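Working notes, structure below.
Every read-out reported here was derived from the displayed coordinates using simple, explicitly stated rules and does not represent laboratory data. Given the structure is predicted, the values throughout are model-derived calculations rather than measurements. All Cβ positions, glycine included, derive from the backbone under ideal geometry; neighbour counts span all protein chains shown.
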Amino acid sequence: GEDVEQSLFLSVREGDSSVINCTYTDSSSTYLYWYKQEPGAGLQLLTYIFSNMDMKQDQRLTVLLNKKDKHLSLRIADTQTGDSAIYFCAVPDAGGTSYGKLTFGQGTILTVHP
Amino acid sequence: DAGITQSPRHKVTETGTPVTLRCHQTENHRYMYWYRQDPGHGLRLIHYSYGVKDTDKGEVSDGYSVSRSKTEDFLLTLESATSSQTSVYFCAIRNDRGSPGYTFGSGTRLTVV
């Protein structure tokens, strides 16, 4: 099955950029996702990228995909204290009988200091 | 919003008792999933469903069973709760229409004492 890895912690100052990295093992997934989880809440879809794209920008968010290295990153520009949360990389299992099962990384806890 | 609700939101139960968690969706999506979230593990798949009465095991299915008798409801049952099943449980649906992605419920925090 799919294996997804993320670093566990990231600490930045308010106004700086944050970069959260993710590696995965199955490169045939169609879409790759980033989810955000605020304390005590469920998971909120932050953004996604189609596997034939290298980059996707959405306001302060930039997703980079390197399929050769199986590496996905999420950059948050001008990070704010409200961005403090856990960020999950999620990759669907590929293949005809995968039924869209999502494999998650362990989650990166982003802490933003004033 | 895919209209997904989980119940109960919180539950405390004793070791050895059966527990059923409910996931309800209002938009007729085919695929539904149960995950558990534990510190350091991210979310791990327990069971999933690809249609009414069509279910299969995920990565951490031991001690759990599921049922889906209607499209809108996906039930997760802990046959005999153990302390290792203390966790936060999330239900998810895969969006069949519109933008790609998965929508998650708000979660059920289960404590087994």
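Some points to look at:
- Charge sum, other residues only, whose C-beta stays under 14 Å from B:V113's C-beta, Lys/Arg counted +1 and Asp/Glu -1: +1
- Under the simplified labelling scheme, the B:R97-B:K53 pair shows an inter-label distance of 2.6 nm, with each label point 7 Å from Cα along Cα→Cβ.
- Equivalent-ellipsoid semi-axes for chain A (Cα gyration tensor, √(5λ), whole Å, largest first): 24, 15, 12.
- Counting only Cα atoms, chain B measures 42, 28, 24 Å along its principal axes, largest extent leading.
- Here B:T86 and A:F9 are evaluated by their C-beta separation; at R0 = 30 Å the FRET efficiency comes out at 0.80.
- When only the Cβ of Lys, Arg, Asp and Glu is charged (+1, +1, -1, -1), the dipole of the protein assembly as shown relative to its Cα centre reaches about 280 debye.
- Relative contact order (%) - criterion: Cα under 8 Å, at least six apart; region: region B:16-113: 31 percent
- Peptides B:68-76, A:104-112, A:10-18 ordered by average Cβ neighbours within 10 Å, highest first: A:104-112, B:68-76, A:10-18
- Inter-label distance, nm, simple model (7 Å from Cα along the C-beta direction), A:T111/B:R9: 2.8 nm
- Whole-Hz ³J(HN,Hα) from phi, Karplus 6.51 cos²θ - 1.76 cosθ + 1.60, for region A:30-40, glycine and proline x: 7, 10, 10, 10, 10, 10, 10, 10, 8, x, x
- In terms of overall dimensions, the protein assembly as shown has a Cα radius of gyration and Dmax of 17.5, 51 angstrom.
- Surrounding net charge for A:T47, when Lys and Arg each add one and Asp and Glu each subtract one, Cβ distance under 14 Å: +2
- Couplings for region B:22-33, taken from phi via the Karplus curve 6.51 cos²θ - 1.76 cosθ + 1.60 with θ = phi - 60°, read 10, 10, 10, 10, 10, 10, 6, 6, 6, 9, 10, 9 Hz in order; Gly and Pro are left as x.
- Region A:1-58 and region B:33-55: distance between their alpha carbon centers, rounded to Å: 19 Å
- Close amide H partners of B:Y31, meaning residues 5 or more places away or on another chain with modelled amide H under 5 Å apart, are B:R94.
- Rough spin-label spacing in nm, given labels placed 7 Å along Cα→Cβ, for A:A77 and B:D73: 4.9 nm
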